[in-house]
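Structure first, then comments.
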Amino acid sequence: MIRSMFTAISSLGLHQKYLDVVSNNLANANTTGYKASRVLFQDQFAQTMSVGSAPSATLGGTNPTQIGLGVGLGYVAGNFTQGTLQNTGRNMDLAVQGDGFFVYGQDANRRYSREGSMSLDSDGYMVNMATGLRTQGWMVDANGVIDTNLPVDDIQIDKEKTMAKATENVYLGGNLSANTATDGTGSVSVSMAVYDSLGALNTATLKLTRDAVNPLQWNWAIVDPTTGLPNVATGTGAGTITFDVNGQVDTAIIPNPAVTTAVTIPGSTGSANAGQVAVTLDFSKLTMLTTPTSSTVTSQDGLAAGSVSDVYIAPKDGTVSLIYANGLTEVVGQVALARFTNPTGLVHAENTTFVPGLNSGTAQIGVAAGGGRGAIASGNLEASNVDMAQEFTNMILAQRGFQASSRVITTSDEILQELVNLKR
């Protein structure tokens, strides 16, 4: 009877632990990035009453006789199946589609987590919103290149930056009237505005004159707007445009006269290339028809200075970019992910994070969408993978197992009571 009591007691303690795990899973049913735990029971050693015997020439063998001595805890391990991705509409909320973990902190403070709600602190560091641990990744070097072979480091973003883009291409369109005089005096002036590398707007005048010899040809040049004559101080560049008999630019001429790079326009003091803006003019959309002249600059690709308006984290590879108010985009870094050979060997730390365990293997840190680390889903958070229906079922099993074990103790006690009563 005493043996049955101790066997039942071992079951009571284990079912209490089972209920503890179920309780913790249910408590974290809404915890972002949480991975549910599961319990494995194992029977304990058994007391051998008879070892049995082998068959002989005249007798058959007998089986061993053993009585089990209770139940033990095999393990409590995490279930690292993918949780549901919940769209938040916030670009700096990140989730991992795959087996990877976000990397937070450095050295002794390094943690790994599936929870990816990011933000920027007052110093511009990308951190986890809940813990303040700095997100690890790589920054661009002086050449604008991300070297993912280097060790990971804190990602720091300067949101006070401004950036401009010098004009590289100017596109002209509209019509040059075919009724323009062919005596060498018929001309059209087009004003161009271009940005230099400092974001300053500079203007130049483009003069187009119909050729006196070939009526299908127009000569163009950058001129001084006050005199109408070429002047180095106001820009340099000249060439010709030839139209076909249909009034379209004759692109069959080699080199193509519709596009030229021989144009420089003075920029502001201190801008790139000694203050000169090198511009490619594209005349391919011009026509020469009998309708009135309407030639103009249709577009140019320069941009004035603009400040940072947003931080964008690209899906899949986690590239971090700055979005400027003028439309420019600048890549500044990349978020790293880690992978473990045996994630169930990780040790739970605080705030839904993990640290490497003795059997987890070392962290294999690298780029997302590679090396089995999974891809980054920006604008999403990973929900807890707790299956509430399964957990409530487990709760019932834990309760019934506890009740059955307590009934065994009660029954053993009653039998012991009967033995005591035999003396009367």
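Before moving on, here are some points about what is shown:
- Restricting the stretch 241-262 to residues that are out of contact with any Pro (no Cβ under 6 Å at 6 or more places or on another chain) and part of a strand (DSSP E or B) leaves a set whose member that is farthest from PHE283 (Cα to Cα) is ALA262.
Quick grid of which residues meet (1) in a loop (DSSP other than H, G, I, E, B); (2) surrounded by 14 or more Cβ atoms within 10 Å (Cβ to Cβ):
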| position | (1), (2) |
| --- | --- |
| ILE9 | no, yes |
| SER23 | no, no |
| THR48 | no, no |
| PRO55 | yes, no |
| TYR75 | no, no |
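- In this entry, ALA278 is excluded by the filter for residues that are of a type outside the set (Lys, Arg), surrounded by 13 or more Cβ atoms within 10 Å (Cβ to Cβ) and closer than 23 Å to GLY174 by Cβ.
- Any hit, the stretch 367-378, residues being over 15 Å from the mean Cα position of the chain (by Cα), surrounded by 21 or more Cβ atoms within 10 Å (Cβ to Cβ) and modelled with pLDDT of 95 or more: no
- Of all the residues in the stretch 57-73, those that are surrounded by 10 or more Cβ atoms within 10 Å (Cβ to Cβ) and part of a loop (DSSP other than H, G, I, E, B) number 3.
- Residue count for the stretch 113-129 under the criterion of being outside any loop (DSSP other than H, G, I, E, B) and farther than 15 Å from THR32 by Cβ: the result is 4.
- Just so you know, in the stretch 368-389 the residues that are outside any loop (DSSP other than H, G, I, E, B) and not charged (D, E, K, R) include one that is farthest from THR341 (Cα to Cα), and it is ALA389.
- Lone qualifier among VAL76, VAL71, VAL96, VAL127 - being in the same structural domain as GLY401 (by TED's automatic domain parsing), β-branched (Val, Ile, Thr), within 30 Å of VAL347 (Cβ to Cβ) and out of contact with any Phe, Trp or Tyr (no Cβ under 6 Å at 6 or more places or on another chain): VAL76
- LEU198 being assigned to a strand (DSSP E or B), touching a residue at least 40 places away in the same chain (Cβ under 8 Å) and under 15 Å from THR167 (Cβ atoms): no
- Residue that is nearest to the chain's Cα centre (by Cα) [pool: residues in the stretch 130-181 that are under 30 Å from THR260 (Cα atoms) and surrounded by fewer than 15 Cβ atoms within 10 Å (Cβ to Cβ)]: GLY144
- For the stretch 83-112, a residue qualifies if it is modelled with pLDDT under 95 and not in a loop (DSSP other than H, G, I, E, B), and the qualifying residues are ASP107, ALA108, ASN109.
- Close pairs (9 angstrom Cβ cut-off, 6 or more residues apart or separate chains): without any contact (Cβ under 8 Å) to a residue 60 or more places away in the chain in the stretch 73-99, aromatic (Phe, Trp, Tyr) anywhere: LEU73/TYR18; LEU73/PHE41; GLY74/PHE41
- Taken over the stretch 25-42, the residue count meeting the criterion of being in contact with an Asp or Glu (Cβ under 7 Å, 6 or more places away or on another chain) and part of a helix (DSSP H, G or I) is 2.
The values are calculated or read from the model by the stated rules, or taken from the named source; none is laboratory data. Values in this document were obtained by computation on a predicted structure and should not be read as measured data. Cβ sites come from the backbone with ideal geometry, for glycine too, and all protein chains shown count toward neighbours.
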